[in-house]
Amino acid sequence: MAKKALGLDIDYAGIRAAEVVRRGRSRVVSNLAVQPLPAGTIFDGKVVDMLALVRGLEALLEKGEITADSAVLGLRSSWVTVKTHRLPSMTKRELDRAVQFEIPDLVYFPVEDLGEVCYDYFINSRSDSEVEIVVAACPREHLAPYIDALRGVNLNLEVVDLPSFSWPELLPGEKRRAFAEITEDQTTVQVLTEGLFKVWRVVPLGALHFRQGVQEAFGCTAEEAEGLCAQHDLDYLLLEGPGDKRVLRAAVQQLVGSVLQTLDFVRAQERAASFQSLLDELVLLGTLADLPGLGEMLGKEVGLPARTLGSLDLRLGFEIERPERLSGFGSALALGVRGISA
């Protein structure tokens with residue numbers, strides 16, 4: 001078990017890193033860092049330009065004065081499969097063999113050889129007669145470039161995981177929570193009730209698409225749109241722009257609709273009368289989560305308290321000054337915690 005780990009959250013726009021230290025029973029954030037990546041370095045979660053990624057990692061480690069040599073890498077893409085699966089109750093050894101046998105039928109991509117697949121699973125629930133597992137898998141060819149890049153900067157890769165699986169570890173208590181993370185090019189929604197995994201969904205809509213709508217509405221550049229999002233609330237962006245607001249409104253509607261559809265799937269699956277009977281709160285993470293007014297709008301639509309990660313008490317302490325917009329580091333923090341817990 002590492003005493004210090006670096007959580008690496010890499011996406012379309014850049015790298016976010018959180019260095020987490022274990023001190024006794026406490027977990028402390030010793031560093032946070034961000035490094036933009038040149039356009040085209042990553043596309044749909046796949047490494048397109050290896051050299052640019054290596055240089056970005058080198059710059060992040062140097063600029064952030066990071067000392068951890070163990071890293072946990074987070075994967076996010078449409079080529080990652082997450083699926084629940086039920087099997088007859090059996091021993092762990094038998095379960096390992098059964099999952100290995102069934103992987104080709106469980107994943108959403110073609111498999112000719114099991115050696116082409118990286119996968120893992122965890123037990124979600126168990127009864128006398130059956131066991132429910134959650135399987136995560138991806139093609140090895142898409143993961144390999146990330147591993148090579150980390151080796152290129154002398155980082156030891158401890159774990160590869162989905163950031164969302166560790167989000168609950170950031171928050172105290174066992175509340176029934178839905179999580180929605182809005183990153184640059186996608187939104188990930190995950191639901192847990194009574195501590196059990198219910199659903200994981202990725203929607204190809206993110207902060208990038210939102211800012212494109214702001215550009216149309218205000219007739220401005222991408223940099224100016226980013227500034228407007230940092231300086232104003234959602235109502236201002238939706239109402240005050242002199243230009244065409246259709247793209248921005250469509251992005252907001254799609255975001256709300258995606259969260260509603262995902263929660264409704266769980267509600268129907270659980271045969272619940274309302275979201276409130278299933279969940280206590282909606283937690284927002286990601287680069288757009290701290291936009292004033294967004295949480296209030298989503299909370300009103302789903303009928304649940306919607307809170308940003310940065311507004312909640314965390315299980316983590318901070319050696320450094322805690323940033324005002326902490327929600328964008330949510331996945332990096334979760335991955336760092338995963339590294340010192342592995």
State which residue pairs qualify: first residue closer than 14 Å to D290 by Cα and inside segment 317-334, second residue assigned to a loop (DSSP other than H, G, I, E, B) and open to solvent by 10 Å² or more (accessible area, probe 1.4 Å) in any location, beta carbons under 7 Å apart, and separation of 6 or more residues or different chains. R325/D290; S327/D290; G328/T287
Out of the residues in segment 179-204 meeting the condition of being charged (D, E, K, R) and touching a Pro at 6+ places or on another chain (Cβ under 9 Å), tell me which one is farthest from V266 (Cα to Cα). D185
Output the residues belonging to segment 73-121 that are closer than 22 Å to R201 by Cα, open to solvent by 20 Å² or more (accessible area, probe 1.4 Å) and among the small types (G, A, S). S78
Scanning segment 122-150 residue by residue, those open to solvent by less than 30 Å² (accessible area, probe 1.4 Å) and assigned to a strand (DSSP E or B) turn out to be N124, V131, E132, I133, V134, V135, A136, A137, C138, P139
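Yes or no, residue by residue, for (1) of a type in the set (S, T, N, Q); (2) within 30 Å of A5 (Cα to Cα):
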| residue | (1), (2) |
| --- | --- |
| C229 | no, no |
| L239 | no, no |
| Q253 | yes, no |
| S274 | yes, no |
| E281 | no, yes |
| L285 | no, yes |
| L298 | no, no |
| P323 | no, yes |
| L335 | no, yes |
Which condition does L75 not pass, out of (1) without any contact (Cβ under 8 Å) to a residue 12 or more places away in the chain; (2) under 23 Å from the mean Cα position of the chain (by Cα), if it passes all the others? (1)
Go through (1) under 20 Å from D185 (Cβ atoms); (2) assigned to a helix (DSSP H, G or I) for A268 and report which single condition fails. (1)
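Table: residues versus (1) among the acidic types (D, E); (2) under 13 Å from the mean Cα position of the chain (by Cα); (3) within 17 Å of G330 (Cα to Cα); (4) assigned to a strand (DSSP E or B).
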| residue | (1), (2), (3), (4) |
| --- | --- |
| P172 | no, no, yes, no |
| D185 | yes, yes, yes, no |
| T188 | no, yes, yes, yes |
| L208 | no, no, no, no |
| A217 | no, no, no, no |
| C220 | no, no, no, no |
| C229 | no, no, no, no |
I'd like to check something: does segment 250-266 contain any residue that is free of Cβ contacts under 8 Å to residues at least 60 places away in the same chain, open to solvent by less than 20 Å² (accessible area, probe 1.4 Å) and in contact with a Phe, Trp or Tyr (Cβ under 8 Å, 6 or more places away or on another chain)? yes
Specify the residue that is modelled with the lowest pLDDT; the eligible residues are those in segment 1-31 that are among the hydrophobic types (A, V, I, L, M, F, W, C), over 28 Å from L208 (Cα atoms) and part of a loop (DSSP other than H, G, I, E, B). M1
Count - residues of segment 151-164 that are assigned to a helix (DSSP H, G or I) and open to solvent by less than 50 Å² (accessible area, probe 1.4 Å): 3
Looking at segment 181-236 only, could you name the residues that are within 18 Å of L326 (Cα to Cα), out of contact with any Leu (no Cβ under 9 Å at 6 or more places or on another chain) and among the polar types (S, T, N, Q)? Q231
Pairing a residue in segment 221-241 that is over 15 Å from A207 (Cβ atoms) with any residue that is in a helix (DSSP H, G or I) and at pLDDT 95 or above, where Cβ atoms lie under 6 Å and the two sit 6 or more apart in sequence or on different chains, gives G241/A217; G241/F218
Take G56 and decide whether it is open to solvent by 20 Å² or more (accessible area, probe 1.4 Å), out of contact with any helix residue (DSSP H, G or I) (no Cβ under 7 Å at 6 or more places or on another chain) and among the small types (G, A, S). no
Pull up segment 32-89, narrow it to residues that are among the polar types (S, T, N, Q) and not in a strand (DSSP E or B), then point me to the one that is nearest to P110 (Cα to Cα). S78
Long-range neighbours under 6 Å by Cβ, at least six apart or interchain, first residue of a type in the set (V, I, T) within segment 195-214, second assigned to a strand (DSSP E or B): V199/V191; V202/T188; V203/T187
For segment 273-330, enumerate the residues that are surrounded by 15 or more Cβ atoms within 10 Å (Cβ to Cβ), among the small types (G, A, S) and part of a loop (DSSP other than H, G, I, E, B). A289
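The values are calculated or read from the model by the stated rules, or taken from the named source; none is laboratory data. All of these numbers come straight from a predicted model, not from anything done at the bench. Heads up, the Cβs are rebuilt from the backbone with ideal geometry, glycines too, and the neighbour counts pull from every protein chain shown. To get the accessible areas, we keep the full protein, side chains included, count just its heavy atoms, and leave off ligands, DNA and RNA. Shrake-Rupley method; radii C 1.70, N 1.55, O 1.52, S 1.80 Å.
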